[in-house]
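Visitor: For reference, the structure I am asking about is given below.
The values are calculated or read from the model by the stated rules, or taken from the named source; none is laboratory data. Everything numeric in this text was worked out from a predicted model, so none of it was measured. Positions of Cβ are generated from backbone atoms using ideal geometry, with glycine treated the same way; all protein chains shown enter the neighbour counts. Calculation scope for accessible area: heavy atoms of the full protein, side chains included, ligands and nucleic acids excluded. Shrake-Rupley method; radii C 1.70, N 1.55, O 1.52, S 1.80 Å.
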Amino acid sequence: MARYILRRFLISIPVLVGVALILFLLLNVVPGDPVTLMMGEHIKPALIEAFRARMHLDDPVLVRFGRYMLGALRGDFGVSYKLQREVSGLIWQAFPHTVKLTIYSAFVSWIIGIPAGIFSAVKHNTLIDRSLMGFSLMGVSLPIFWAGLLMQYVFASRLGWLPVTGYYSIKYYIMPSVVLGWSSAGTVARLTRSNLLEIMKNDFIRTARAKGLSEPSVVACHALKNAMLPVITVMALQVAGLLGGAVMTESVFGIPGIGRIAVDAITHRDMPLLQGTILFTTAIVIAGNLAADIMYAFLDPRIRVEQANS
Amino acid sequence: MLQIRNLKTHFFTRGGVAAAVDDVSIRIPPRSIVGVVGESGCGKSVTALSVLQLVSRPGKIVSGSILLDGEELIGKPSKQMRRIRGNKISMIFQEPMTSLNPVYTVGRQVAETMILHRGASKAEAMDRTVEMFRAVGIPAPEKRLKSFPHQLSGGLRQRVMIAMAMACKPSLMIADEPTTALDVTIEAQILHLMKELERDMGTSIMMITHNMGVVAELCDYVYVMYAGKVMEHAGIFDLFDHTKHPYTQGLLNSIPKPSGVRGRLFNIEGMVPSLLRLPKGCRFSPRCEQAVRECFESEPGLYAVSPGHGVRCFLYRDCGDGGEAI
């Protein structure tokens with residue numbers, strides 16, 4: 001098992017370096033001179049040259065990439081052009097907000113998605129099934145900014161139950177978490193339902209019934225564990241995606257998380273900050289993948305034993 | 001012990017009603033192995049699932065009676081029926097590969113039955129599982145408890161299934177083609193094991209198969225089914241020595257004989273009719289070499305050719321009615 005985890009971890013490293021390289025090259029070909037962007041257009045050419053030299057902007061791109069990666073290894077992602085502060089500091093400042101939003105919305109997503117999927121599967125092709133699936137389809141289909149605005153209008157502006165924007169207490173996180181959680185609950189519910197229906201057709205379910213188990217026990221003890229394997233993978237990836245910053249939600253609800261600073265970085269062409277946030281997001285998604293793989297191995301004995309044997 | 005009387009299980013599909021089991025009567029006496037033989041789709045498995053009330057939609061038991069030790073099973077509340085499944089009547093299936101849950105150890109799956117029906121503690125159930133594994137010939141039973149199904153061979157998995165089925169010492173075990181997915185040597189071992197268990201534990205076995213060889217090897221009594229009906233039933237020696245029904249004769253002739261003349265094997269011409277479009281008259285008539293005009297017009301009853309030997313064929317009408325198994 002430890003070897004399996006180590007191997008999966010080692011595979012992740014080249015992926016991360018590859019993403020970083022592509023990102024670096026792409027941002028390098030984006031038009032616009034960083035020094036001009038940073039200091040304004042009406043500035044003496046000599047000063048620009050001096051700054052370029054200080055920031056090593058005239059070095060070959062691979063040399064700069066190497067320098068950047070060495071810095072990144074030490075946790076140094078450069079300095080934001082716009083804010084003139086360490087990128088890593090800015091990310092660490094924003095991350096707790098994103099983490100909070102992620103935890104709350106993942107919770108919403110699971111407590112809606114998993115039971116909805118199970119009920120739909122157990123009562124499939126009935127009105128309950130169709131209503132639940134319609135509800136989850138709505139979650140997936142409604143654009144977050146629209147659902148967010150609608151909720152702000154109803155619950156904040158009209159009813160005055162919740163604050164419109166901000167991040168000061170858990171109350172502020174209710175609407176963004178519901179909007180975000182609902183959108184991923186749809187995927188979780190549909191996946192749970194289809195997997196469970198598929199598993200319920202298996203011979204071992206018939207065996208469980210022939211043993212004399214009640215239908216709820218058959219579903220809960222024999223079908224669910226099998227059906228949840230792919231769902232857990234998706235859930236881990238969703239969490240990783242959310243941790244990378246829920247751009248729309250954070251913008252609509254004014255939460256200064258990773259997504260929000262990424263948007264700000266794009267608006268101000270703040271390359272180091274943008275690069276830092278994207279790289280950070282990538283690392284989180286890769287870690288989520290890794291976590292999903294490890295969890296999968298824990299839950300599915302077929303994979304666990306295969307790994308032990310290899 | 002088990003008496004199935006005039007059982008009708010139909011499937012209500014969009015294309016019409018399929019009478020998968022049509023007026024079937026089967027009797028399984030205590031301490032006996034009764035074979036139910038027939039081609040795929042003849043209603044053998046549906047009969048077995050009807051006994052356990054596990055026919056899934058769109059199938060439904062329409063009428064008939066299933067008595068277990070005099071107790072009617074049809075219409076029994078599901079809670080009471082669950083106490084019978086796995087306890088008094090157990091079942092093993094054709095595919096040992098897929099009949100066990102892949103995410104649980106085999107020990108746990110066998111123990112589950114005893115915890116459920118016998119109220120055994122986990123430790124007791126595990127001890128008993130080891131005993132059961134030993135009884136069904138699983139080597140190193142203590143070690144095997146912790147194995148997952150995919151770590152075992154097909155033969156071992158079927159032994160696990162048998163251990164699970166026998167765990168609560170049921171009075172009847174239904175075996176639905178238990179050896180079809182296994183190779184010949186393993187098949188012989190499993191059949192031998194079942195015979196031994198029947199002898200040692202006194203459990204009756206309803207053996208569903210399409211293999212006449214298995215029937216000859218194992219069974220005391222045989223029912224031959226075709227398109228949802230019992231065509232012939234008889235004691236094992238009677239059936240092989242005095243085969244009456246043209247369909248049974250066809251089945252027996254289809255078995256390759258080592259001493260026979262080399263050449264094309266015998267086959268019954270035609271195909272099993274669709275249950276949605278059954279022929280008028282005898283269901284076997286379109287394929288029957290001995291069919292007369294009457295066979296295409298009306299359905300024959302079960303005629304008693306000798307005590308305990310019934311045949312559904314007009315050729316034996318002179319023998320008189322009363323060929324029902326009960």
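Visitor: What does DSSP give for the protein assembly as shown in terms of the percent of beta bridges that are antiparallel, rounded to the nearest 5?
Guide: Counting DSSP beta bridges with both partners in the protein assembly as shown, the antiparallel share is about 65 percent.
Visitor: May I ask you to derive the FRET efficiency for A:Arg85 and A:Phe9 from their Cβ-Cβ distance with R0 = 25 Å, giving the value to the nearest 0.05?
Guide: 0.20
Visitor: What is chain B's relative contact order, in percent, from Cα pairs under 8 angstrom and six or more apart in sequence?
Guide: 20 percent
Visitor: Okay, next question. Once you place label points 7 Å from the Cα toward the Cβ at B:His210 and A:Leu137, how far apart are they in nm?
Guide: Label at B:His210, label at A:Leu137, 4.0 nm between them.
Visitor: Right, here's the next one. Distance between the C-alpha centers of segment B:286-326 and segment A:166-210? Whole Å please.
Guide: Using only Cα atoms, the two centres lie 58 Å from each other.
Visitor: In Å² (nearest 100), what accessible area is buried between B and A, both sides summed, heavy protein atoms only, 1.4 Å probe?
Guide: When B and A are taken together, about 2100 Å² of accessible area is lost.
Visitor: Compute the helix-to-body angle for A:224-243: its Cα long axis versus the longest principal axis of chain A, expressed 0 to 90° and rounded to tens.
Guide: With both axes taken from Cα atoms, the answer is about 20 degrees.
Visitor: Take every residue in peptide B:100-108, count the Cβ atoms of other chains within 10 Å of its Cβ, and give the average of those counts.
Guide: Other-chain Cβ atoms within 10 Å of each residue's Cβ, averaged: 4.
Visitor: Evaluate peptide A:199-208: per residue, the Cβ atoms of other protein chains within 10 Å of its Cβ; return the mean as an integer.
Guide: The per-residue average across the peptide is 6.
Visitor: Related question: Could you state the per residue volume, in Å³, of the convex hull enclosing the Cα atoms of segment B:62-167?
Guide: 121 Å³
Visitor: Here's another thing I want to ask about it. Using θ = phi - 60° and the Karplus curve 6.51 cos²θ - 1.76 cosθ + 1.60, what whole-Hz ³J(HN,Hα) does each residue of segment A:212-219 get, with Gly and Pro shown as x?
Guide: Per residue, the Karplus-derived 3J(HN,Hα) values read x, 6, 6, 4, x, 5, 4, 5 Hz.
Visitor: Compute the long axis of helix B:122-135 from its Cα atoms, compare it with the longest principal axis of the Cα atoms of chain B, and write down the angle in degrees, 0 to 90, nearest 10.
Guide: On a 0 to 90 degree scale, this one is about 50.
Visitor: Positive end of the charge dipole of chain A (Lys, Arg +1 and Asp, Glu -1 on Cβ, about the Cα centre): tell me which of A:Leu149, A:Met271, A:Met55 has its Cα farthest that way.
Guide: A:Leu149
Visitor: Hey, another quick one. Mind ranking B:140-152, A:172-184, A:222-234 by how tightly packed they are, going by the mean number of other C-beta atoms within 10 angstrom, highest first?
Guide: Result, highest mean Cβ count within 10 Å first: A:172-184, A:222-234, B:140-152.
Visitor: Moving on to the next point. How would you order A:59-65, B:296-302 from highest to lowest mean count of nearby Cβ atoms within 10 Å?
Guide: My ranking of the peptides, most packed first, is B:296-302, A:59-65.
Visitor: Show log10 I(q)/I(0) for the protein assembly as shown at q = 0.05, 0.06, 0.09, 0.10 Å⁻¹, two decimals, from a solvent-free Debye sum over equal Cα scatterers.
Guide: -0.39, -0.52, -0.86, -0.96
Visitor: Which listed residue (A:Val122, A:Trp161, A:His42) has the Cα farthest towards the positive end of the charge dipole for chain A, taking +1 on Lys and Arg C-beta and -1 on Asp and Glu C-beta about the Cα centre?
Guide: Result: A:Val122, furthest along the dipole toward the positive end.
Visitor: Counting only protein heavy atoms and using a 1.4 Å probe, what share of the accessible area of segment A:142-252 belongs to carbon plus sulfur, as a whole percent?
Guide: Of all accessible area on segment A:142-252, carbon and sulfur atoms account for 67 percent.
Visitor: Can you pull out the trypsin sites (Lys or Arg not before Pro) in segment B:223-314 whose DSSP state is coil and whose Cβ has at most 10 other Cβ atoms within 10 Å?
Guide: Listed in order of number, the matching sites are B:Arg262, B:Arg264, B:Arg277.
Visitor: Based on alpha-carbon centroids, what's the gap between segment B:178-204 and segment A:237-297 in Å, whole number please?
Guide: Rounded to whole Å, the Cα centres lie 60 Å apart.
Visitor: Once each part is reduced to its C-alpha centroid, what is the distance from segment B:1-70 to segment A:84-153 in angstrom?
Guide: Here the two parts' Cα centres lie 48 Å apart.
Visitor: More than 23 angstrom separation, counting every C-alpha pair in segment B:2-227; what % is that?
Guide: Of the Cα pairs, 47 percent sit more than 23 Å apart.
Visitor: What average count of beta carbons from other chains do you get within 10 Å of the Cβ of residues in B:181-187?
Guide: That average works out to 0.
Visitor: Turning to a different aspect of this structure: So with the 1.4 Å probe, I'd like the accessible area per residue for the protein assembly as shown, rounded to whole Å².
Guide: 48 Å²
Visitor: Something else about it: Let a ≥ b ≥ c be the square roots of the eigenvalues of the Cα gyration tensor of segment A:90-309; is it rounded (a/c under 1.5), or, if not, prolate (a/b larger than b/c) or oblate?
Guide: It is oblate, given that a/c is not under 1.5 and a/b is not larger than b/c.
Visitor: On a 0 to 90° scale, report how tilted helix A:258-267 is relative to the longest principal axis of chain A, with both axes built from alpha carbons and the result rounded to the nearest 10.
Guide: 40 degrees
Visitor: Continuing with this model, one more query. Placing +1 at every Lys and Arg Cβ and -1 at every Asp and Glu Cβ, with all other atoms neutral, what dipole size does segment A:90-309 have around its Cα centre, in debye to the nearest 20?
Guide: Value, rounded to 20: 520 debye.
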